[in-house]
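Enquirer: I'd like to ask you about the structure that follows.
The values are calculated or read from the model by the stated rules, or taken from the named source; none is laboratory data. Predicted model, so just to flag it, every value in this text is computed and none were measured. Using ideal geometry, Cβ is built from the backbone for each residue, glycine included, and neighbour counts are taken over all protein chains shown. Keep in mind that these areas ignore ligands, DNA and RNA; they rest on the heavy atoms of the full protein, side chains included. Shrake-Rupley method; radii C 1.70, N 1.55, O 1.52, S 1.80 Å.
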Amino acid sequence: MTLSDVDELGQVADALDVTFQMDEDAFRSFYDRTARPVWAYLSRTTGDNRLADDLLQETYYRFLRAGGSYSDEAHRRHYLFRIAVNLVRDHYRRPRFDRLPDTDEPRHPTSQSGDEAARAAERIDLSRAMARLKPRERDMLWLAYAQGSSHEEIGVALGLKTASIKSLLFRARRRLAALLGERERP
Amino acid sequence: MNTTCDREEDVLEAIMTGQWPPAPGNNVGLFEHVDGCPICGELATVAMALRSERDLAYRDAHLPTSGQVWWRASMRTRAEAAATAARPITVLQGLAGACAAGVSVALVTWAWPSIERPLAGAGDILSREAQRLGVAAVSAAALEQALLSIAVVVGAGLILTPLVLYLVLSDE
């Protein structure tokens, strides 16, 4: 192999055509429908908006690269959430709900109206309570009650049997309710 | 322990559709039920908290456009494809370097007698000339050693310079 052959191979590699199974228009439409719930999940389960931004890009990148065949829109969405769930597990194994998620809201209840202060306090309570849950419990509760996912959808996203979701969800819910109750008590 | 309630679905639906807590006079039966049912009470507490957190998250989200996400994914895929394609080239370059070094060592070993003789002769001549000219006595062996070092450096330079030049220029 001569040096010019080596150069030529490099140019071939550079000119490789990038193709995903999904075309750009279909992707744009799918992204517009799903990005907000995915970002909300990433943001609230990691407690870090910047990390959520990065993981959002990574989620869609992996989704595009995987190029799986999906029976319908719901199947595609579940697969997307499964990628997001796995990314959170991989990148952020330790619970980080000890920090408040970044928001545009002021952080100091004293400078807020009564309702706003109460809402901010509730958010702090929720963040702290969520931090004390297991990652799987957080995922499950978020998918069930924030996203409104069915047991089957949660099972697909988390890689769990649908039959076990009901009892797991019940236990997680009870735990979170108890933690929220602790906070409410003086 | 009872873990389910028949009215869970109704409570969840009311929360998910934004009808919870109910307006005065609406859904009174369900409201009273939730008040007295620990299972539905927990459900309402948790679901309401998470649902409002979701609404805030939706409001906070500053998402990149779909075009940006597509473009970044395309660029990254292209870069990874180029890196994958270049991997065998890098391996070949390493192999070529190792082969060149091996061949050089073999050549030097094979040609050693024919290098050593002229060097020894040159050393003798230079030593005699130095003595004749009255320069401080220089041994033939030391001169031979010096000439040998020069020969090795020149040889290594001849072999390695093209390789180094290629590697430096190919990075650019």
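Enquirer: For the B and A pair, go ahead and give the buried accessible area with a 1.4 Å probe, both sides summed, in Å² to 100.
Expert: 4600 Å²
Enquirer: Further question: Would you please report the Å³ per residue occupied by the convex hull of the alpha carbon atoms in chain B?
Expert: Hull volume normalised by residue count: 332 Å³.
Enquirer: Under 11 Å from the Cβ of A:GLN147, count the other residues' Cβ atoms, weight Lys and Arg +1, Asp and Glu -1, and hand me the total. Please list the in-between numbers first.
Expert: Working: positive: A:ARG36, A:ARG44, A:ARG77, B:ARG51, B:ARG54; negative: A:ASP139, A:GLU153.
Net local charge, A:GLN147 excluded: +3.
Enquirer: Ok, one more. Give the angle, between 0 and 90 degrees and rounded to the nearest 10, that separates the Cα long axis of helix B:140-171 from the longest principal axis of the Cα atoms of chain B.
Expert: 30 degrees
Enquirer: Would you jot down the residues in the stretch A:31-62 that end up with at least 50 Å² less accessible area in the complete protein assembly than in the chain alone, with a 1.4 Å probe?
Expert: With the partner chains in place, the stretch A:31-62 has these residues losing at least 50 Å²: A:TYR31, A:ARG36, A:TRP39, A:ARG44, A:GLN57, A:TYR61.
Enquirer: Then there is this: Ordered by residue, what ³J(HN,Hα) values in Hz, to whole numbers, does the stretch B:41-51 give under the Karplus form 6.51 cos²θ - 1.76 cosθ + 1.60, where θ = phi - 60° and Gly and Pro are x?
Expert: Those phi angles translate into x, 5, 4, 5, 4, 5, 5, 5, 5, 6, 5 Hz.
Enquirer: Excluding ligands, DNA and RNA, what is the solvent-accessible area per residue of the stretch B:17-172 at a probe of 1.4 Å, expressed in Å²? Could the numbers behind the result be given before it?
Expert: Working: 9780 Å² over 156 residues.
Accessible area per residue, the stretch B:17-172: 63 Å².
Enquirer: Next question, about the same structure. With springs only between Cα atoms under 10 Å, which of B:VAL154, B:VAL105, B:VAL28 fluctuates most in a Gaussian network model of chain B?
Expert: Greatest mean-square fluctuation among the candidates belongs to B:VAL28.
Enquirer: Shifting gears a bit: Taking C-beta distances below 4.7 angstrom as the pairing criterion, name the unpartnered cysteines of chain B, in sequence order.
Expert: Result for chain B is B:CYS5, B:CYS99, no neighbouring Cys Cβ within the cutoff.
Enquirer: I need to check one value: relative contact order of the stretch B:9-139, counting alpha carbon pairs closer than 8 Å and at least 6 residues apart, in percent. Write down the numbers at each step before the final one.
Expert: Details: 32 pairs, mean separation 17.5, N = 131.
Relative CO of the stretch B:9-139 lands at 13 percent.
Enquirer: Sequence-distant or interchain residues sharing an amide H contact under 5 Å with A:PHE20, placed H: which?
Expert: Those qualifying (amide H under 5 Å, at least 5 residues apart or on another chain) number zero.
Enquirer: Next question. Report, in degrees rounded to the nearest 10, the 0 to 90 angle that the Cα long axis of helix B:66-132 makes with the longest principal axis of chain B.
Expert: Approximately 20 degrees, to the nearest ten.
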